[in-house]
Amino acid sequence: MSSHEFDVLIVGSGLAGLSAALHLAPTHRVAVLTKRALADGASQWAQGGIAAVLGEGDSLQAHVDDTLVAGAGLCDLAATRFVVEGAPEAIAWLRELGVPFSLEHGALHLTREGGHGQRRVAHVADATGAAVQRVLIDAVRRAPNVTLFEGHTLVDLITGRRLGRADPGCIGLHALDAASDEVRTFRAPHTILATGGAGKVYLYTTNPDTATGDGIAAAWRAGCRVANMEFIQFHPTCLYHPHAKSFLISEAVRGEGGLLQRPDGHRFMPAHDARAELAPRDVVARAIDFEMKKHGLDCVHLDISHQSPAFLREHFPNILARCAELGIDITREPIPVVPAAHYTCGGVVTDLSGRTDVPGLLAVGETACTGLHGANRLASNSLVECMVFARAAARAIAEAPARAAAEPPPPWDDSRVADADELVVLAHNWDELRRFMWDYVGIVRTDKRLARAAHRIALLTAEIQEFYAHFHVTRDLLELRNLVQVADLIVRSAQARHESRGLHFSRDHPALAATALPTILVPAA
Ligand SMILES: Cc1cc2nc3c(=O)[nH]c(=O)nc-3n(C[C@H](O)[C@H](O)[C@H](O)COP(=O)(O)OP(=O)(O)OC[C@H]3O[C@@H](n4cnc5c(N)ncnc54)[C@H](O)[C@@H]3O)c2cc1C
């Protein structure tokens, strides 16, 4: 049993975690723990780009206004202004680090995405996240004060409250080391959760396997409030092909003129919304869901073949190449697409410095609910949120008064547990959870479907708790435990909202309530 001591623990190596690490590295001893390899996470997969006011004719107010419209009355104005105002500096920081943004005539090339009134999305062709992660991983590997722990999965946070101490704050965490199969103890006065979203709670998702809501579930268990979990963004256009695992067709394809059609060639978006293909994601996802259900379709088509092959090669080289691998020539034929769970708008409640309700515990990136996204995220606002809040969290930690050194926590005790005899239980429960969440808590909800989901979650929770209490922890078990916890938070939030707003659409409550209020869940004392 080993224990590690640092000034700051960061859980997660996506854009949020690595940005925080780089800001803290000059002054603090930082540990970055990540459950797989450093690059594994949603940040690596981001295609479209990063929103910031950089072009002529654009303004901070216009970016704020577009964000507020997408958020359907639920964005926090202070958080929105904070991110929009910090966005140009965040892009400048990435350029200084060496991110090779796409240029046009020597200036940044900006694309326009759904919901944005202006071209304001900086990008690296159609693989922005991969380029950003490459540069940040290189920088963090060279940073002298940062120790990297790959293959380390957060098990739970250690709080004074749980140990019955006077200071209820977070003093560290337990993490499962995949190499030694041992649970290690990490201690620090500050811990940042940067574990990303929870898309894996749904059967169809654009998210990577890491997106199991671990940070949200751990923060909830540690005593943090969690907000707006009913607002799950379904990306309208995930490639539909038996051999393509969650390959996203970027919104920029619609931004550059891509048309949505039924397989018979009928263009349907103008009948659903005046903004047609450039309507916000939730409107487009619901329209596709409607068309698929009404006409019994397995998928719809996204056609960009009217653009020249040279234009497509320049703007969408990865989409073109991936589709070509699967036998789809996007210069000549449409791309088959379906909606899939894409982004978790809710999360751990934080302030403008990323601080949570638990002293010493911060959350940044998709794990957090800062109030920026409200009831629906505006495209390309999430990567920038990661960076702006990572910087703010680092600043808050640097300026925080010193906390009294905590007594070491008792070591992880697994003396009374055995190796699991039947792992099939985990695989079965994992599949069952993701399917009923898709069927009952998907794009269109009803009271009855939510009640059915709640009933099943209660059964799974009991079964998984028993498993957790009796057997050695594995990453699969930890992830399943967190997914069920997050599913419970999503369903409870959805049941609490008696209206349809933004990404939450209920057939039983189709109207918009007069007052826009966030859904805030408070853990039991
Ligand atoms: C396909 C796709 C395309 C996207 N395109 C865009 C875009 O163009 N623009 C935009 O703004 N946003 C986009 N997004 C959203 C954006 O990528 C994410 O919101 C953002 O990258 C989240 O960053 P993060 O650092 O919070 O989380 P992530 O990048 O997901 O990183 C989370 C990290 O936490 C680690 N982790 C998780 N649980 C644990 C645990 N228990 N223990 C240890 N480590 C753990 C993971 O391994 C990972 O390293 C896209 C998302 C997807 C899926």
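The values are calculated or read from the model by the stated rules, or taken from the named source; none is laboratory data. Here the structure is a predicted model, which is why all the values come from computation and not from measurement. No Cβ is skipped: glycine too gets one built from the backbone with ideal geometry, and neighbour counts run over all protein chains shown. These accessible areas exclude ligands, DNA and RNA; they are computed on the full protein's heavy atoms, side chains included. Shrake-Rupley method; radii C 1.70, N 1.55, O 1.52, S 1.80 Å.
The table below lists the values:
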{"item": "Among residues of the range 302-312, those that are more than 26 Å from the chain's Cα centre (by Cα) and surrounded by 13 or more Cβ atoms within 10 Å (Cβ to Cβ), counted", "result": "7"}
{"item": "Check on G151, modelled with pLDDT of 95 or more and either surrounded by fewer than 20 Cβ atoms within 10 Å (Cβ to Cβ) or under 26 Å from L480 (Cα atoms) (or both)", "result": "yes"}
{"item": "Only one of P411, P317 that is farther than 22 Å from A222 by Cβ, of a type outside the set (K, R) and surrounded by fewer than 14 Cβ atoms within 10 Å (Cβ to Cβ)", "result": "P317"}
{"item": "Hits in the range 177-203 (condition: within 13 Å of the ligand (Cβ to nearest atom), within 30 Å of H241 (Cα to Cα) and open to solvent by 10 Å² or more (accessible area, probe 1.4 Å))", "result": "T195, G196, K200"}
{"item": "Test: residue in the range 234-243 that is in contact with a Ser or Thr (Cβ under 6 Å, 6 or more places away or on another chain) and within 15 Å of the ligand (Cβ to nearest atom)", "result": "yes"}
{"item": "Complete set of residues in the range 142-164 that are closer than 16 Å to H23 by Cβ and of a type in the set (K, R)", "result": "R142"}
{"item": "Meets criteria (surrounded by 24 or more Cβ atoms within 10 Å (Cβ to Cβ), within 19 Å of L433 (Cβ to Cβ) and at pLDDT below 95) for T206", "result": "yes"}
{"item": "Which numbered condition R445 fails, given (1) of a type in the set (K, R); (2) exposed (fewer than 15 other Cβ atoms within 10 Å of the Cβ); (3) under 26 Å from the mean Cα position of the chain (by Cα)", "result": "(2)"}
{"item": "Residues (within 12 Å of the ligand (Cβ to nearest atom) and of a type in the set (A, V, I, L, M, F, W, C)) located in the range 206-233", "result": "A211, I216, A217, A218, A219"}
{"item": "Hits in the range 13-51 (condition: of a type in the set (S, T, N, Q), modelled with pLDDT of 95 or more and within 9 Å of the ligand (Cβ to nearest atom))", "result": "S13, S19, T34, S43, Q44"}
{"item": "Residues within the range 471-501 that are open to solvent by 10 Å² or more (accessible area, probe 1.4 Å), in contact with a helix residue (DSSP H, G or I) (Cβ under 6 Å, 6 or more places away or on another chain) and in contact (Cβ under 8 Å) with a residue 60 or more places away in the chain, tallied", "result": "2"}
{"item": "Qualifying residues in the range 484-521 (those that are β-branched (V, I, T) and part of a loop (DSSP other than H, G, I, E, B)) - the one nearest to R452 (Cα to Cα)", "result": "T519"}
{"item": "Any hit, the range 59-67, residues being over 30 Å from F247 (Cα atoms), within 14 Å of the ligand (Cβ to nearest atom) and outside any helix (DSSP H, G or I)", "result": "no"}
{"item": "Selection within the range 128-156 - more than 10 Å from the ligand (Cβ to nearest atom) and not in a helix (DSSP H, G or I)", "result": "A143, P144, N145, V146, T147, L148"}
{"item": "Evaluation of A166 against (1) touching a residue at least 60 places away in the same chain (Cβ under 8 Å); (2) surrounded by fewer than 24 Cβ atoms within 10 Å (Cβ to Cβ) (one fails), failing number", "result": "(1)"}
{"item": "Helices (runs of 4 or more DSSP H) wholly inside the range 209-306 containing at least 3 residues that are over 25 Å from R449 (Cα atoms)", "result": "214-222, 251-255, 269-272"}
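One line per residue, one yes/no per condition, for (1) of a type in the set (K, R); (2) touching a helix residue (DSSP H, G or I) at 6+ places or on another chain (Cβ under 8 Å):
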residue	(1), (2)
F389	no, yes
R403	yes, no
E407	no, no
R416	yes, no
A420	no, yes
